[in-house]
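Right, one structure below, let's go through it.
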Amino acid sequence: MKDKCRACKNETSQHGFLFKCIDRNCGAVFWHRKILLENLEDDAVFEKQLSLAQIPSVNNDDYFVYVIQLSRKKDEVQDSIYVGMTSLHPHHRYLNHITSRKGSRHVTKRGKVMIQYEGPMSRKEAIKREPELAEELRENNIVYGGH
């Protein structure tokens with residue numbers, strides 16, 4: 001499998017089913033949908049996929065704020081985004097979303113690519129930063145799909 005970046009169409013590197021854009025100005029990440037063919041209900045299989053994707057573990061007190069681009073609905077002019085907060089590594093959280101493991105229905109159904117994340121930071125900082133980032137993206141005419 002060699003997929004182009006879903007955000008900028010440049011080349012990607014692959015680790016298991018996780019693809020990362022090699023363009024430093026983009027840095028988008030996405031899970032190939034073939035991962036959904038794996039038995040991810042089995043915790044051992046899920047953990048193996050995280051390991052193959054080389055997702056690092058995080059400290060218990062670290063939090064992240066992340067942005068996932070959603071594919072557009074039929075009535076939308078452009079793609080929208082989802083802004084979230086997590087104590088997991090953002091790539092791990094993104095996999096939870098697309099596999100319906102504690103995921104937002106918006107991301108489960110329409111998650112296209114993780115376009116950025118910030119962190120690690122404290123929980124207090126993440127709680128403050130999540131709505132700030134959503135507002136910044138709104139001000140830059142990036143459509144906010146809900147949280």
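The values are calculated or read from the model by the stated rules, or taken from the named source; none is laboratory data. Keep in mind it's a predicted model, so treat the numbers as computed, not measured. We place every Cβ from the backbone using ideal geometry, glycine too, and count neighbours over all the protein chains shown. Ligands, DNA and RNA are excluded from the accessible area calculation, which covers all protein heavy atoms including side chains. Shrake-Rupley method; radii C 1.70, N 1.55, O 1.52, S 1.80 Å.
What the table below lists for this structure:
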read-out	value
Paramagnetic reach from Asp3 in the stretch 19-57 [backbone N under 12 Å; point 7 Å along Cα→Cβ]	19-21, 29-37
Assigned charges on the beta-carbon of Lys, Arg, Asp, Glu; the chain dipole about Cα centre (debye)	520 debye
Peptides ranked, highest mean first, by Cβ atoms within 10 Å: ranges 14-27, 92-105, 45-58	92-105, 14-27, 45-58
Apportionment of accessible area to carbon and sulfur, the chain, percent (1.4 Å)	47 percent
Per-residue ³J(HN,Hα) for the stretch 36-42, Karplus 6.51 cos²θ - 1.76 cosθ + 1.60, θ = phi - 60°, Hz, x for Gly and Pro	5, 7, 6, 7, 6, 5, 7
Cα-based reach from Lys2 at 20 Å (exclusive), listing aspartates and glutamates while leaving out same-chain residues under 8 positions away	Glu11, Asp23, Glu38
Descending semi-axes in Å of the chain, equivalent ellipsoid built from Cα gyration tensor	22, 19, 15
Rel. contact order, % - alpha carbon contacts under 8 angstrom, at least six apart, the stretch 2-147	24 percent
J(HN,Hα) series, the stretch 52-63, from Karplus relation 6.51 cos²θ - 1.76 cosθ + 1.60, nearest Hz, glycine and proline x	4, 7, 6, 7, x, 6, 10, 5, 4, 9, 8, 10
